[in-house]
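Asker: Take a look at the following structure, please.
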Amino acid sequence: MDNNFPLTGWGSVAVHSGHLQDPLYAHLVPIYASSTFVYDEAEQGMRRFSGKEEGYIYSRWGNPTFTEAENKIAALESFGIKKNDSPLAVKGILHASGMAAITTLLLSNLKSGDKILTHYSLYGGTEEIVTKVLPALGITAIIADLRDLNIAENAIKKDPAIKLLYIETPANPTIQCVDIEALSGLAKQYHLLTACDNTFATPYLQQPFRFGIDFVVHSTTKFLNGHGTSIGGILLGSNTDFMKTKAYTMAKTLGGNANPFDAFLLINGMKTLELRMERHCHNAMEVANFLEQHPAVAKVNYTGLRDHPDHYTAMKQMRHPGAMLSFELKKGLQGGIDFMNKLKMCVRTVSLGTCDTLLSHPASMTHYSVPKEEKEKYGITDGLIRMNVGIENVQDIIADLNQAL
Ligand SMILES: Cc1ncc(COP(=O)(O)O)c(C=O)c1O
């Protein structure tokens, strides 16, 4: 594609952006399965190592298949956003997993004595790194209910050691949402850096950079890949100098780099992101409406429903309310186990973001060994079922749920 051709539609950007013309004219980006790259002459090696010439050196430091994925996600996260009348520039670094990307973010921005302010509902791995791994390095976290801006501001005012405001919205597994624009504005007022995990929403539903967020992270394992075929993550930043220096140095020395095959799967998965998210969200709304009416269901948590406490926050910043929902069965733990055992089409597993509908029962699966009080703090009751609503025809999803209920 001619790079000067102005793409105006989100789906066109998802298909075409980031593509690197292959020197041998392959239609799709090849899987550059090479650990190292060669030089025409010794002097070229000197120029590459000294940064005087752009080019690949070693795949832990960068690889052409990663570049295409990085550029595509950067284009999607920044699509339509202007800064000082110019398109917002964003740089991404692809990683082996979402956790690797989050680690690079945290270690490249924080030092001993610094603190992170974050919301109490976070993906378990992120919570673990923030509460168990970083304290050994002298970096600690203040965990609060950031849906209340007064709580957030009081925490910031009280503690000048807070350097980073880290949010995940919608959050895993509770689907709680925080107000990105309000928190980003607050953070700017107090000169804090901001980061947002955009895994559940994807850039199609929500663009945190639009609200002034400095860094965006993703587990690309989920909706961006879309088919459950690879683990991956990305760190994106709007301070491109920082991304090319400190963040890049941290990423390449930590060694949590992606691999070319997973990057290839990710690139091809992302081309259908708009279509998939439209269908996921349409189906999720129908499923939520069905579950709300069902006598075996005590409660449905979906931000698309008006009575969800975060409905207005979600609708303020998201195009649609997403594909994730949870519901509580009246019959508790045994009800949850029986329901899971009766599923015929929907899949019994953890994770999310795939084309097929996935259901998990935290009380008997992911949170089986977590003490009851701890689970209840996060709203994980014995009969709670978490659901990634897939892109099958919705009548089949509903029929399967109905017979299992
Ligand atoms: C919101 C969120 N962030 C980060 C991660 C970590 O990603 P990965 O499993 O790719 O390391 C996950 C994984 O489920 C997640 O749901």
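The values are calculated or read from the model by the stated rules, or taken from the named source; none is laboratory data. Nothing here was measured: the structure is a model prediction, and the numbers come from that model. Cβ sites come from the backbone with ideal geometry, for glycine too, and all protein chains shown count toward neighbours.
Asker: Out of (1) outside any loop (DSSP other than H, G, I, E, B); (2) surrounded by fewer than 16 Cβ atoms within 10 Å (Cβ to Cβ), what's the single condition that is false for Leu325?
Answerer: (2)
Asker: Also: If the requirement is being within 24 Å of His308 (Cα to Cα) and more than 16 Å from the ligand (Cβ to nearest atom), which of these qualifies: Leu183, Leu165?
Answerer: Values: Leu165 fails: within 24 Å of His308 (Cα to Cα).
Leu183 is the lone residue from the list that is within 24 Å of His308 (Cα to Cα) and more than 16 Å from the ligand (Cβ to nearest atom).
Asker: Which condition breaks for Lys246 when tested against (1) basic (Lys, Arg); (2) within 29 Å of Gly51 (Cα to Cα); (3) in a loop (DSSP other than H, G, I, E, B)?
Answerer: Condition (3) is where Lys246 drops out.
Asker: Let me ask you something else. Residues of the stretch 128-159 being touching a residue at least 12 places away in the same chain (Cβ under 8 Å) and assigned to a helix (DSSP H, G or I), which ones?
Answerer: Scanning the stretch 128-159 gives Ile129, Val130, Thr131, Leu134, Leu137, Leu149, Ala152, Glu153, Ala155, Ile156, Lys157.
Asker: Going through the stretch 73-98 one residue at a time, which ones are farther than 13 Å from Leu235 by Cα and not in a strand (DSSP E or B)?
Answerer: Across the stretch 73-98, the qualifying residues are Ala75, Leu76, Ser78, Phe79, Gly80, Ile81, Asn84, Asp85, Leu88, Ala89.
Asker: I need a count of the residues in the stretch 8-53 that are part of a loop (DSSP other than H, G, I, E, B), closer than 30 Å to Met277 by Cβ and touching a residue at least 24 places away in the same chain (Cβ under 8 Å).
Answerer: 9
Asker: Scan Ala251, Ala288, Ala284 and give me the residue that is in contact with a helix residue (DSSP H, G or I) (Cβ under 8 Å, 6 or more places away or on another chain) and in a helix (DSSP H, G or I).
Answerer: Ala251
Asker: For the stretch 162-169, does any single residue satisfy the condition of being part of a loop (DSSP other than H, G, I, E, B) and within 16 Å of the chain's Cα centre (by Cα)?
Answerer: Looking for residues that are part of a loop (DSSP other than H, G, I, E, B) and within 16 Å of the chain's Cα centre (by Cα), one finds at least one in the stretch 162-169, hence yes.
Asker: Would you point out the residue of the stretch 112-127, among those that are in a loop (DSSP other than H, G, I, E, B) and in contact with a Ser or Thr (Cβ under 8 Å, 6 or more places away or on another chain), that is surrounded by the most Cβ atoms within 10 Å (Cβ to Cβ)?
Answerer: Ser121
Asker: Here is a follow-up. Could you list all residues from the stretch 99-111 that are away from the ligand (no atom under 16 Å from the Cβ) and either within 30 Å of Thr8 (Cβ to Cβ) or in a helix (DSSP H, G or I) (or both)?
Answerer: Scanning the stretch 99-111 gives Ser108, Asn109.
Asker: Taking Glu168, is it of a type in the set (Asp, Glu), buried (at least 24 other Cβ atoms within 10 Å of the Cβ) and in the same structural domain as Val15 (by TED's automatic domain parsing)?
Answerer: yes
Asker: Could you say whether any residue in the stretch 250-265 is within 16 Å of the ligand (Cβ to nearest atom), in the same structural domain as Ile73 (by TED's automatic domain parsing), more than 25 Å from Thr174 (Cα to Cα) and charged (D, E, K, R)?
Answerer: Looking for residues that are within 16 Å of the ligand (Cβ to nearest atom), in the same structural domain as Ile73 (by TED's automatic domain parsing), more than 25 Å from Thr174 (Cα to Cα) and charged (D, E, K, R), one finds at least one in the stretch 250-265, hence yes.
Asker: Out of Phe209, Phe215, Phe242, Phe200, which single residue is modelled with pLDDT of 95 or more, more than 14 Å from the ligand (Cβ to nearest atom), buried (at least 24 other Cβ atoms within 10 Å of the Cβ) and not aliphatic (A, V, I, L, M)?
Answerer: Step by step, each of Phe209, Phe215, Phe242, Phe200 is checked, and only Phe209 is modelled with pLDDT of 95 or more, more than 14 Å from the ligand (Cβ to nearest atom), buried (at least 24 other Cβ atoms within 10 Å of the Cβ) and not aliphatic (A, V, I, L, M).
Asker: Could you tell me whether Leu122 is within 16 Å of the ligand (Cβ to nearest atom), at negative phi, at pLDDT below 95 and not assigned by TED's automatic domain parsing to the domain that holds Asp310?
Answerer: Yes, satisfied.
Asker: To continue, here is another question. Tally the residues that are within 16 Å of the ligand (Cβ to nearest atom) and either over 30 Å from Asn150 (Cα atoms) or not assigned by TED's automatic domain parsing to the domain that holds Asp148 (or both), restricting the search to the stretch 73-98.
Answerer: Residues meeting the conditions: 8.
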